Structure formats: C-alpha cells, structure tokens
Amino acid sequence: MLRVCVFCGSKSGDRAEYAESAEQLGRWLARGGHTLIYGGGSTGIMGLLAEAVLAERGAVIGVITEHLARPELMHAGVRDMRITRDMHARKSLMHELADVYVGLPGGFGTMEELFEAVTWAQLELHARPVLLLNVAGLYDGLIRLLDDMTEHGFLSLRCRRLITICSSDEELQLALQAIPGQSC
Ligand code: AMP
C-alpha cells in the first residue's frame, strides 16, 4: 500500500471537475487501503480530498504548521494531525512520510510544493514518482512551459520526464497502480 502525498489548493476553484477529481482520488485511495498525506486543511480541494477519504474510513495524515493550526483552517476530522514549527519542517515531514507525490488543482502553495518535490528528484535526493493531474486543462499552460524549457535547453529530457502528467482520473489511478512495491 502507498503513502500518497497530495499537494492541492486551499481553494476549490470555479469548475466542478476540480472537486470531482479530488473526491474520486480520495475514494480510490481509501478503497485501495492507501494512506493520504496532505497539508491538513479543511478548505478548498484539500478539505474535499480529506473528507472523501474519511467518508470511506480511509487513513489520513495531516501535516500542518503551528500558524495554520487554527480551528477555522485545520480539518477537525483528521485524527492523525502532525503540527510542525514552520513550513520547512512541514514539508520535510511530508517528504519523509511519502512514497509518491500527486499534484491536483491549486495555486502558489501547490506549485511550490510540487516543484520542490521534482527539484529534489532532479538533484537525485529521492527517487519517488511525481504525478500531476491536469484536470479540465488547468495545467495546459504549465505543460507548455515545461516543453518550452526543454526545447530551449533549460530542462533535460530526463528531468522533463520526472513529472508524469495524467490527463484523467483513470490515468492517475493507473500510474499509482504501476508504482512498484504495492499491491492494489
Ligand atoms: P494553494 O495552492 O496556494 O491554495 O496552497 C495550498 C497550500 O497552502 C497548502 O499545502 C499549504 O501549504 C497552504 N495552506 C493554505 N491554506 C491552508 C489551510 N487552510 N490549511 C492548510 N494549509 C493551507
């Protein structure tokens, strides 16, 4: 079984597909016996994802900082909530707990976390897969940017391939299933 670290938005966005994909992933993780590692929030895509796992009695570990650990932000239903001193400690702990990283729709926070994971893979500090779910074309522009960086010599093909882009929920599930060392 996998410990899947999901980076995603603290807001829900403006399209139903964003929420639907988060809920679909949450249900799939719980039914497969996988553990969700996430930022511990109750709002936006983060909250919807955690609720979908909890609704199926799945395992969730929240990792949140002291400054975000307020009742209006932190998910009250997550029993295993780890509270860290700052953002650096938070991300360190998320990395320590994770077998694989998944990016869902989100904003700056999601991008920063996802690109830290991929940068560390580029530096060979870890070999964990990094998957990005491109829901409803949200990340089309980002994918073009990655391709331009590759074309213009800032990203090697090896590094470009460190992020696996998934275009549907099913593709994401297949990519997770293909990760060695787990049996779903
Ligand atoms: P964004 O993609 O900009 O919405 O940011 C998502 C990231 O922002 C999370 O992983 C956290 O680092 C942080 N964050 C923002 N709001 C919250 C919240 N309510 N609970 C936990 N983390 C949050």
Check your understanding: Which GluC sites (Glu not before Pro) in region 71-177 pass both tests, a DSSP loop state and at most 14 other beta-carbon atoms within 10 Å?
Key -> 72, 124
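Please state the equivalent ellipsoid semi-axes for region 19-121: what are the square roots of 5 times the Cα gyration tensor eigenvalues, largest first, in whole Å?
Working: eigenvalues 74, 54, 34 Å².
Taking √(5λ) for each eigenvalue gives 19, 16, 13 Å, largest first.
Plugging the Kirkwood radius over Cα pairs into Stokes-Einstein for region 106-151, at a temperature of 10 °C and a viscosity of 1.306 mPa s, what D comes out in µm²/s? Walk me through the numbers before you get to the answer.
Numbers: Rh = 11.7 Å.
The calculation lands on 136 µm²/s.
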**Study point:** Distance from region 43-62 to region 102-177 (C-alpha centre basis), Å
**Key:** 22 Å
Point to revise | Along principal axes, Cα extents of region 83-184, largest first, whole Å | key: 39, 32, 26
**Study point:** Within a Gaussian network of the chain (alpha carbon springs, distance under 10 Å), most fluctuating of 111, 87, 149
**Key:** 149
Review point. Want the number for residue 15 to residue 96: 0.36 nm per residue separation, take away the alpha-carbon distance, what's left?
Key: 25.9 nm
Study note, to complete from the structure: With the 1.4 Å probe rolled over protein heavy atoms, the chain has an accessible area per residue in Å² of 50 Å²
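Do the sum for the chain: with -39,500 (n - 2.57) for every DSSP H run of n ≥ 4, divided by all residues, what is the mean residue ellipticity at 222 nm, to the nearest 500 deg cm²/dmol?
On the way: 7 runs with 79 residues, N = 184.
Only helices count here, giving -13000 deg cm²/dmol.
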Check your understanding: Ratio of region 3-48's C-alpha Rg to 2.2 N^0.38 Å, to two decimals?
Key -> 1.09
Revision key, fill the gap. Candidates 31, 161, 15; GNM for the chain (alpha-carbon contacts under 10 Å) flags as most fluctuating 15
**Study point:** Rg/Rh for the chain, where both radii come from Cα atoms and Rh is the Kirkwood radius
**Key:** 0.95
Check your understanding: So for region 78-120, what percent of the C-alpha to C-alpha distances run longer than 16 Å?
Key -> 42 percent
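The values are calculated or read from the model by the stated rules, or taken from the named source; none is laboratory data. Every value quoted in this text rests on a predicted model; they were computed, and no experiment measured them. Virtual Cβ from ideal backbone geometry, glycine too; neighbours counted across all protein chains shown. Just so you know, the surface numbers come from the protein's heavy atoms only, side chains and all, with ligands and any DNA or RNA stripped out. Shrake-Rupley method; radii C 1.70, N 1.55, O 1.52, S 1.80 Å.
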